[in-house]
Every structure is written in structure tokens, then in C-alpha cells.
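The values are calculated or read from the model by the stated rules, or taken from the named source; none is laboratory data. This one's a predicted model, so the numbers in the text were calculated from it and none came from an experiment. Methodologically, a virtual Cβ is constructed for each residue, glycine included, from the backbone with ideal geometry; neighbour enumeration extends over all protein chains shown.
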Amino acid sequence: MTWTDRFFAWRDRVVASPTFQRWAAAFPLTRPIARRQASQLFDLVAGFVYSQVLLACVRLRVFEILAEGPQSVTTLAHRLDLSENSAQRLLAAASSLGLLAQRSDGRFALGQLGAVMVGNRAVAAMVEHHASVYMDLADPVALLRRDSPTRLSDYWAYAGDEGSERARSLRAEQVADYSALMSASQPLVADQIIDAYPLGRHRCLLDVGGGEGTFLSHVARRVPGLQLKLFDLPAVAERGRLRFEAQGIAHRASAHGGSFFDDPLPVGADIVSLVRVIYDHDDEHALKILRAVRAALPDGGTLILAEPMAGTPGAEAMGDAYFGFYLLAMGKGEARTPAQLSALLSLAGFGSVRVLPTHLPLQTRVIVARPLAVNTASHEAQP
Ligand SMILES: C[S@@+](CC[C@H](N)C(=O)[O-])C[C@H]1O[C@@H](n2cnc3c(N)ncnc32)[C@H](O)[C@@H]1O
């Protein structure tokens, strides 16, 4: 045991002692610390309850109803089809969480967080999705021991195993739900990426693992003139093709189906994006994807890699706790720090790695990298 170990062992013994806890809560100088820690611990215990309050508000469309203006409990009880007691309980709970606010005349209105939720399909879809995430997390020890199959590994149909054949042959109905969720949550990330990196200086963008093309649709609106290519599993790329047609951008946006583990990526783009793709995979498979991207890019090309990252200052729990357990339930993948991603990028033949600032790093961080040298062999293998 080192001196540091001994010191922390002593500190932990002191902090665990009920006599110390009573003293620390009463003594004026330690009281604020004791209260803050008690409150942090309570929030960890109560977190699931808070999530369920939010879920009830989303399912009952409380935010949309209150967007019309403040309303009394009686009116809301009627509109939510709840008894007055239940409505009061939900409205008080949501107010205490900052989702709603109670006016001095007793009526309820939107709170600051609730105002953000109005018409916010991205967050509402995520809240609804987490109802099944929490079922997988109900027994976290079993999950850690991988004792039971999970809902999430079924939901993310490509996550079951990395076999290309299986993933390539996924049917439309197996990819529909996760593709729709990714599409619904794109507004949380697309503009941040486009704001972080000036795409306008490029000629053609290839979005690898681009889902049903929602990111590219955003790009099409914001960056006129840029040619767009989408690559994803065949059943997902088909959804992209239909979206491009429906939005009247098929003349500048094409969709290509295949697996990035075996099939060559389309060539011709001078910039490739990987949005929320790499964190789905272990290092070995992440490296395969990055090498495929390297082979598809010309020297002088650019890669932008955008996803939530571990070690994000002020949001450490998002990477290690949230994504750590979410991806465990999904069956594979990990959130990586920018340094871990840089190491993978350099193994795959990329250099000049830069982390670009984004408005909300909790949701998206962006790394830009450039191919290091000509990779003649892989370019010759391109179609
Ligand atoms: C988490 S989603 C991200 C989708 C999109 N980039 C976004 O941010 O909305 C990961 C995407 O990778 C695709 N994917 C998974 N395995 C793949 C494979 N072997 N080849 C090509 N795409 C794959 C999935 O179909 C899915 O669309």
C-alpha cells in the first residue's frame, strides 16, 4: 500500500463514520459540502424516478398542451385524462425538476426545460426509446455478467455480430426502427457538425454509416453545391435513396448499399464523415472502418469524425457511465476519448488530427483528420 492509498483509506473510514457525518452536517464550514454530497447521492438514487416523470410528460403531451399557455390543474387533469390528484402529482413533480413552473395563481406553465421540449421530436424520441433501455438495465449485475439477452441488441440489428453477410442481408423491417430513431435525433448533432467544420470548401461529401440520409439532407440545405453520397447497409441505404428522391435532392445525393467491413466504399469524395458510427464498434472493427475510409479518400482529402466522446470536460458521466452501460446493453462498442480516437486514426493512416470546438460537446464532438500518405494498393482496389 502506498502513502496515497493509506491516506485515502483513512479518509474513507472517517467519511463513512456516522459520528463524522453528523458532525460534518452540523458544523458550519463543512455543512455546504455535506449537503452537496447528500444531494448528489440522492440524485443518483432518484435518477430513474426523474426519467419516468419526463416519460409521463412526453407520453401525455404535457409540453405541447402547456405550449398553449398556463392552465389550471382541473383543466389539465381533464385534458390529460387523469384524476385531479394524479395530475397534481405529475405537475408538481415536473415543476420540481424544472420541466414546468407553477404560477402564483396556482396554474401550471412550461418551465425552462419544458420549453425546450415543445415540438422537440429528437429528445422525445430518445425519451421514449429509453423506456426499453431501462428494461435492459433493470438488473445491471446480470448485464455486466452478460447473463441474459438484451432488447437493445435486437433493436440495433447490426450489433448482434460483426458478420458482414448477416448485416448486409438485414431486411427493411429490421432496420426501420433504429434508422427512424437516428433520423429523429439528427437535429441534436447535424447543425453542430456543420457549424464546427466549413464543408463549403469541399466538392463531394461521403457520409459512411450515414443512416437514412438525414445528416446529408441537413447538409444539402446548408451547403449548396456540395455533391453528397451515402453509404450504409443495403436496407438502410434504400431508405436514404427514397428520402433523397422525396426531398428532390436525388440529382446531388446518391445512396450506396454495402458493408464497410468488406465492401469498398464509393470513391470520388474529397471529404468523408463518420457520424455516430465508430463508438458502435470495438477497436479491431473501428480500425477496419477507418482503413476503409482511408482507402476511399484521395491524398489531401479530409475525414470528419463526429460523436459523443468519453472524457468530455463537465460531461464525464455521459461517456463512461451513460454510453458505457448503453453500449454494454447493445452488445458492443465504447465511447472513446479524443486521444483514443487519435491513436486509432494514426494506426489507420491519418494524421493532422484536430478536435474542433462544438456548441454542445455533451451531444457531439468533432475530430478532423487527413490521410497521411498515398495508399496506392488500396486505391487500385477501388471500383
Ligand atoms: C448509430 S447509427 C448512426 C447513423 C447516422 N450516421 C446518424 O448519426 O444518424 C450507425 C449506422 O451504421 C450503420 N452500419 C452498421 N454496421 C454497418 C456495416 N457493416 N456497414 C455499413 N453500415 C453499417 C447502421 O446501419 C447505422 O445506420
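Residue by residue, here is whether (1) free of Cβ contacts under 8 Å to residues at least 40 places away in the same chain; (2) more than 11 Å from the ligand (Cβ to nearest atom) holds:
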position	(1), (2)
181	no, no
193	no, no
202	no, yes
230	yes, no
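Out of the residues in region 48-73 meeting the condition of being touching a Lys or Arg at 6+ places or on another chain (Cβ under 8 Å) and among the polar types (S, T, N, Q), tell me which one is surrounded by the fewest Cβ atoms within 10 Å (Cβ to Cβ). Taking the candidates together, the pick is 72. The conditions of being at positive phi, more than 7 Å from the ligand (Cβ to nearest atom) and in the same structural domain as residue 276 (by TED's automatic domain parsing) are met by residue 213.
When region 248-290 is filtered for residues that are part of a helix (DSSP H, G or I), of a type outside the set (A, V, I, L, M, F, W, C) and under 21 Å from the mean Cα position of the chain (by Cα), the ones remaining, listed by number, are 279, 280, 283, 285. Close contacts from region 301-326, counting a first residue that is without any contact (Cβ under 8 Å) to a residue 24 or more places away in the chain and a second that is of a type in the set (Val, Ile, Thr), with Cβ to Cβ under 9 Å and a gap of 6+ residues or different chains, come to 319/312; 319/337.
When we screen 328, 290, 274 for residues that are surrounded by 17 or more Cβ atoms within 10 Å (Cβ to Cβ) and closer than 20 Å to residue 217 by Cβ, the only hit is 274. Among the residues of region 218-247, those identified as closer than 17 Å to residue 190 by Cβ and in a strand (DSSP E or B) are 228, 229, 230, 232.
Might you let me know whether region 78-95 holds any residue that is in a helix (DSSP H, G or I), of a type in the set (Ser, Thr, Tyr), touching a His at 6+ places or on another chain (Cβ under 8 Å) and surrounded by fewer than 17 Cβ atoms within 10 Å (Cβ to Cβ)? No, there is no match, as no residue in region 78-95 is in a helix (DSSP H, G or I), of a type in the set (Ser, Thr, Tyr), touching a His at 6+ places or on another chain (Cβ under 8 Å) and surrounded by fewer than 17 Cβ atoms within 10 Å (Cβ to Cβ). Of the listed requirements (1) within 23 Å of residue 189 (Cα to Cα); (2) touching a strand residue (DSSP E or B) at 6+ places or on another chain (Cβ under 9 Å), residue 286 misses just one: (2). If you filter region 133-170 down to residues that are under 21 Å from residue 277 (Cβ atoms) and among the charged types (D, E, K, R), you find that the one that is farthest from the ligand (Cβ to nearest atom) is 154. Somewhere in region 71-83, is a residue of a type in the set (A, V, I, L, M) and under 16 Å from residue 51 (Cα atoms)? The answer is no; no qualifying residue exists.
Entry remark, region 140-191: residues being surrounded by 14 or more Cβ atoms within 10 Å (Cβ to Cβ) and in a loop (DSSP other than H, G, I, E, B) number 6 in total.
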